[in-house]
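Novice: Structure in structure tokens, see below.
The values are calculated or read from the model by the stated rules, or taken from the named source; none is laboratory data. This is a predicted model, so every value here is computed, not measured. Counting neighbours? That spans all protein chains shown, and the Cβs are built from the backbone with ideal geometry, glycine included.
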């Protein structure tokens, strides 16, 4: 019997298959898993075999992120990064320090600030002027649905009290109508279009920086949720193609081509051509990303009923549907017939319903074609729509880190949704019990890309390190095995990587070693786990 190149012994091994099988040993030959079992696997150890002792550690399929912006995240790491800070004073000090350290930069860009650090989630231009008065500044907030600009940037863009709001966004204003420095959704493009574009070398460096980080968190594959130009950002596709061609892309990447919401069906032929052009080695772009709405914190997520005001009274605002719902059905039906996967941004309950209606129209017209359409974010899901996911074969693409009590949720979301609708948020448990397939992602750089932290929140419905005892909608918890499956088998299904996501003979050897068995550890300690090794196709791509 041929000997293996790599053998893991003294398990546990969690295969993430439908039976949630546990083993104690696994063998790899070349880029494939050749055996999964127990003591008998040791017969494959030969003189050239590397043996990894798993005692006390857990072998899993590689994590996969079903919704991430890797090139953007990696590029932002080299800009003014506010993601690990909190508080207006801390932000301003860091922005000043960054500007002082980079006098050569014509613009100060970056982001990652949190809305809860400012009254009403709205920072002002004057704050930025106090630290950088002479150069334009534009900093995306944590969720990247808004941006903070200083006076110089607003002036360069020609924004005044007389500038109208774009159809897909809002300029926040001072009492006399002057732009206040906060731009929501599509309004960010009014300024970001002036930011000097990154170069191909910048984007490639950003991708490789991101890949190192993602591998360190055990991520072996992902779906990049935005390939194309949007909000002044250049298309990251060239970075993926360059890395795929020169061999520096060690991850497996699926890409979602951006649907331009200012255009209609005339762009479909262009998307077909882009799909053919965007395919090489471990990279392919077979999905189309449709952003159907915004976010709840700035009242642009599309809801079936109006948002409330600060006094608890209904307003006239139900959010934005960026694509006309009837047109959406037609577009999705055509894309489905062309065997595109559709990757929806659907955050409010109306957007979720509109996306499901579009998938249903496609199913009715084309039958079940196996294109694995998925709805990402799913913050508010109307109870009437929970069972539709399984019936339509629509995958629930969840971002678990957001399903917890934290200031943005407690101060900027729940009061404006009201108690009934607030209880419909992130219904992971209901979706799973109703038979939906769950995939999981991070939306990084919106939030941490670490799947272990996401699993922790999915299981505990509390942020790592929470001490106040408050659990966010505890009936929506997942058990640890189900949460792991969402980040492995579920996301592999979304990413079209059917030979990954579970550990079974013949599958690709994309796998990771955690420093502890989180399946048997106390749930409140899950986030303490660390990835010790990450393999893609049997090749070690990260070692702690």
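Novice: Could you check residue 525 against (1) over 21 Å from residue 52 (Cα atoms); (2) surrounded by 22 or more Cβ atoms within 10 Å (Cβ to Cβ); (3) more than 21 Å from the chain's Cα centre (by Cα) and say which number it fails?
Specialist: (2)
Novice: When region 461-484 is examined, which residues are found to be surrounded by fewer than 24 Cβ atoms within 10 Å (Cβ to Cβ), touching a helix residue (DSSP H, G or I) at 6+ places or on another chain (Cβ under 8 Å) and not in a loop (DSSP other than H, G, I, E, B)?
Specialist: Result: 475, 476, 480, 482.
Novice: Report the residue count in region 160-177 for those that are buried (at least 17 other Cβ atoms within 10 Å of the Cβ) and either under 16 Å from residue 129 (Cα atoms) or modelled with pLDDT under 90 (or both).
Specialist: 2
Novice: Any idea which of (1) closer than 23 Å to residue 63 by Cα; (2) touching a helix residue (DSSP H, G or I) at 6+ places or on another chain (Cβ under 9 Å) is the one residue 358 doesn't satisfy?
Specialist: (1)
Every residue, every condition in (1) more than 16 Å from the chain's Cα centre (by Cα); (2) under 30 Å from residue 319 (Cα atoms), yes or no:
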| residue | (1), (2) |
| --- | --- |
| 417 | yes, yes |
| 420 | yes, yes |
| 432 | yes, yes |
| 438 | no, yes |
| 448 | no, yes |
| 454 | no, yes |
| 483 | no, no |
| 486 | no, yes |
| 491 | no, yes |
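Novice: Of all the residues that make up region 178-210, how many are part of a loop (DSSP other than H, G, I, E, B) and under 15 Å from residue 110 (Cα atoms)?
Specialist: Total satisfying the criteria: 6.
Novice: If only one of 281, 286, 312, 370 is loosely packed, with under 15 Cβ neighbours inside 10 Å and over 26 Å from residue 412 (Cβ atoms), which one is it?
Specialist: 370
Novice: Please go through region 112-134 and pick out each residue that is under 21 Å from residue 299 (Cα atoms), without any contact (Cβ under 8 Å) to a residue 40 or more places away in the chain and touching a strand residue (DSSP E or B) at 6+ places or on another chain (Cβ under 6 Å).
Specialist: 113
Novice: Please work out which residue is nearest to the chain's Cα centre (by Cα), limiting yourself to region 382-403 and to residues that are more than 22 Å from residue 331 (Cβ to Cβ) and buried (at least 22 other Cβ atoms within 10 Å of the Cβ).
Specialist: 399
Novice: For region 438-460: of the residues being out of contact with any strand residue (DSSP E or B) (no Cβ under 7 Å at 6 or more places or on another chain) and within 14 Å of residue 63 (Cβ to Cβ), which is surrounded by the fewest Cβ atoms within 10 Å (Cβ to Cβ)?
Specialist: Filtering first and then ranking leaves 448.
Novice: Does region 206-234 hold any residues that are farther than 25 Å from residue 508 by Cβ and touching a strand residue (DSSP E or B) at 6+ places or on another chain (Cβ under 6 Å), and which are they?
Specialist: Residues satisfying the conditions are 226, 228, 230.
Novice: I'm checking my understanding of the structure. Among residues of region 257-267 that are part of a loop (DSSP other than H, G, I, E, B) and within 25 Å of the chain's Cα centre (by Cα), which one is surrounded by the most Cβ atoms within 10 Å (Cβ to Cβ)?
Specialist: So, considering only residues that are part of a loop (DSSP other than H, G, I, E, B) and within 25 Å of the chain's Cα centre (by Cα), the one surrounded by the most Cβ atoms within 10 Å (Cβ to Cβ) is 259.
Novice: Which of (1) in contact with a strand residue (DSSP E or B) (Cβ under 7 Å, 6 or more places away or on another chain); (2) surrounded by fewer than 23 Cβ atoms within 10 Å (Cβ to Cβ); (3) within 21 Å of residue 543 (Cα to Cα) does residue 83 not meet, given it meets every other one?
Specialist: All conditions pass for residue 83, except number (3).
Novice: Also, I was wondering about something else. Which of the following residues is crowded, with 23+ Cβ neighbours inside 10 Å and at pLDDT below 95: 147, 189?
Specialist: 147
Novice: Another question about this same structure. Collect the residues in region 268-298 that are over 21 Å from residue 383 (Cα atoms), at pLDDT 95 or above and assigned to a loop (DSSP other than H, G, I, E, B), keeping them in residue-number order.
Specialist: Selection gives 278, 281, 282.
Novice: Which condition from (1) assigned to a loop (DSSP other than H, G, I, E, B); (2) under 23 Å from residue 409 (Cα atoms) is the one that residue 457 breaks?
Specialist: In the conditions (1) assigned to a loop (DSSP other than H, G, I, E, B); (2) under 23 Å from residue 409 (Cα atoms), residue 457 misses (1) alone.
Novice: Would you list the helices (runs of 4 or more DSSP H) that sit entirely within region 58-135 and hold 3 or more residues that are within 24 Å of the chain's Cα centre (by Cα), at pLDDT below 95 and within 27 Å of residue 399 (Cβ to Cβ)?
Specialist: 70-76
Novice: What number of residues within region 404-421 satisfy the criterion of being under 19 Å from residue 294 (Cβ atoms) and buried (at least 17 other Cβ atoms within 10 Å of the Cβ)?
Specialist: Final tally of qualifying residues: 8.
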